[in-house]
Amino acid sequence: MNSEEKSGYSIKLTQVIEQFQLEEVTNCSRLNEIEVTTSDVNRPGLQLAGYMDYFGNDRIQIIGKVETHFLLNMSPEERLRKLRMFFAAGFPCIVVCRDLKICDEMIKVANEYQIPILKTKEITSRFLSALISYLNLELAPRITTHGVLVEVYGEGVLILGESGVGKSETALELVKRGHRLIADDVVEIRKVSDKTLLGQSPEIIRHFIEIRGIGILDVKTLYGVSSVKVQDAISLIIHLELWDERKTYDRVGLVDQYTDILGIQIPSLTIPVRPGRNLAIIVEIAAINNRQKKMGYNAAQVLNERIMRDINKGIL
């Protein structure tokens, strides 16, 4: 693949605040400088009790009902001492959930160490889940590649190939047939789990497609909002290449092929291109066939089993 891998991502804390509409309780002068570098988060029960070993100070700290009541049951002096020990370790921020009361000692220590305290009305477990999902996506390992991503019958199909082989034209024909465009020319691919790759378009060219001889087209404007999608999981990769008479192409499909992207094996096919081949229909059939395989049915294997059965019976 002709791609460029990027790693070591971070996002501004202000992006997290905007995404979840968090209220800033303290007046932190360095708020715009703070970055979040990990999708791991922490509920600091042990740390508030004074146990600071193995503390990950790069994580957002989440305060819920249990932590709040634990602090409120302390004397003001002990609370101040434990909070100073906790804040001295340094971390991006604290988020207090359920609109719970924030003790004066926490605000005082937060201002001393210039660590922001944020607040949300969300239930702790719900906010925790949403935050981790958001950070997993924003901080995921990623690459960019030259290709086209379309959703065909619910399958995210990444179409790759040399420039001019017909990727964009195939995508446009698929859109006309009722499928959805996700990205043309540049596809950003993120590894959001050990099994899932999400693909999307850079925002600046989102929903645009380039057709040689015509120019740039806005697919959403031409075909409506139902013709586009922001992102999708990549289920199948199709390599388009000009037909090579010297090359033998797979005609049966017994041996599954895969392409490795960010350590994940994605089913892939190589489709030869020459005049007269309807690539849009071929991509549709490939997507349906890939879906059938995931559901446990492989037509090539079924045919092979029938042939082997008849050979064993002496029919063939």
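Contact order normalised by length for the stretch 130-183, with contacts defined as Cα pairs under 8 Å and 6 or more residues apart; what percent is it?
It rounds to 35 percent for the stretch 130-183.
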Would you grab the residues whose amide H sits under 5 Å from the one on Val273? Only those 5+ places off in sequence or on another chain, please, with H modelled 1.01 Å from N.
Glu241, Leu242, Trp243
Taking the stretch 142-291 and dividing mean pair separation by its residue count, relative contact order in percent (alpha carbons under 8 Å, at least six apart)
26 percent
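Under the definition of Cα pairs under 8 Å and six or more residues apart, what whole-number percent is the relative contact order of the stretch 8-138?
31 percent
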Once amide H atoms are built 1.01 Å from N in the peptide plane, which residues 5 or more positions from Ile60, or in another chain, come under 5 Å H to H?
Asn42
Residue order, fewest to most surrounding Cβ atoms within 10 angstrom, among Thr124, Thr259, Thr37, Thr170:
Thr37, Thr259, Thr124, Thr170
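Identify the trypsin sites (Lys or Arg not before Pro) of the stretch 209-316 meeting these criteria: DSSP loop state and at most 10 other C-beta atoms within 10 Å of the C-beta.
Taking the stretch 209-316 and a limit of 10 other Cβ atoms within 10 Å, the loop trypsin sites (Lys or Arg not before Pro) found are Arg212, Arg246, Lys247, Arg251.
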Per-residue HN-Hα couplings for the stretch 88-99, Karplus 6.51 cos²θ - 1.76 cosθ + 1.60 at θ = phi - 60°, whole Hz, x for Gly and Pro?
5, 5, x, 6, x, 5, 10, 10, 9, 9, 6, 6
Summed residue charge, Cβ within 11 Å of Leu13's Cβ, Lys/Arg positive, Asp/Glu negative:
-2
Pairs of lysine in the stretch 1-143 with Cα under 21 Å and at least 8 positions apart or on different chains: total?
12
Antiparallel content of DSSP bridges confined to the stretch 142-291, in %, to 5:
70 percent
Of (1) 19.2, 63; (2) 26.6, 91; (3) 19.7, 58, the label for Rg and Dmax of the Cα atoms in Å derived from the coordinates
(2)
Most mobile of Asn73, Asn136, Asn42 per a Gaussian network model of the chain (Cα springs, under 10 Å)?
Asn73
Report the residue, chosen from Leu80, Leu172, Leu149, that carries the largest GNM mean-square fluctuation when the chain is represented by alpha-carbon nodes joined by springs under 10 Å.
Leu80
Ordered by number, the trypsin sites (Lys or Arg not before Pro) in the stretch 121-167 that occupy a DSSP loop and have at most 16 other Cβ atoms within 10 Å are Lys121
Please list, in order, the residues from the stretch 221-264 whose amide nitrogen is less than 20 Å from a point placed 7 Å along the Cα→Cβ vector of Ile311.
250-256
Among the aspartates and glutamates, which have Cα under 19 Å from the Cα of Lys191 when same-chain residues fewer than 8 positions away are ignored?
Glu4, Glu5, Asp40, Glu138, Glu151, Glu155, Glu203, Asp232, Asp260
Taking the Cα centre of the stretch 142-291 as origin and charging only Cβ (+1 Lys, Arg; -1 Asp, Glu), how large is the dipole, in debye to the nearest 20?
200 debye
Working from the pairwise distances between different alpha carbons, so that the mean of 1/r is found and then inverted, what is the stretch 8-138's Kirkwood radius in Å?
14.7 Å
How long are the semi-axes of the equivalent ellipsoid of the stretch 142-291, taking √(5λ) for every eigenvalue λ of the Cα gyration tensor, in whole Å from largest down?
22, 20, 14
Charge dipole magnitude, Cβ of K and R +1, D and E -1 - the chain, Cα centre, debye nearest 20:
840 debye
If unit charges are put on Cβ atoms (+1 for Lys and Arg, -1 for Asp and Glu) and the dipole of the stretch 142-291 is taken about its Cα centre, the option from Gln200, Ser226, Asn278 lying farthest towards the positive end turns out to be Ser226
About the Cα centre, charge dipole magnitude for the stretch 8-138 (Lys/Arg +1, Asp/Glu -1 at Cβ), debye
320 debye
Projecting each Cα onto the charge dipole of the chain (Lys/Arg +1, Asp/Glu -1 at the beta carbon, about the Cα centre), which of Val16, Pro76, Gln257 comes out farthest on the positive side?
Gln257
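Laboratory data are not the source of any read-out in this text; all were calculated from the coordinates shown. The shown structure was predicted, so the numbers you read here are calculated from the model rather than taken from an experiment. No Cβ is skipped: glycine too gets one built from the backbone with ideal geometry, and neighbour counts run over all protein chains shown.
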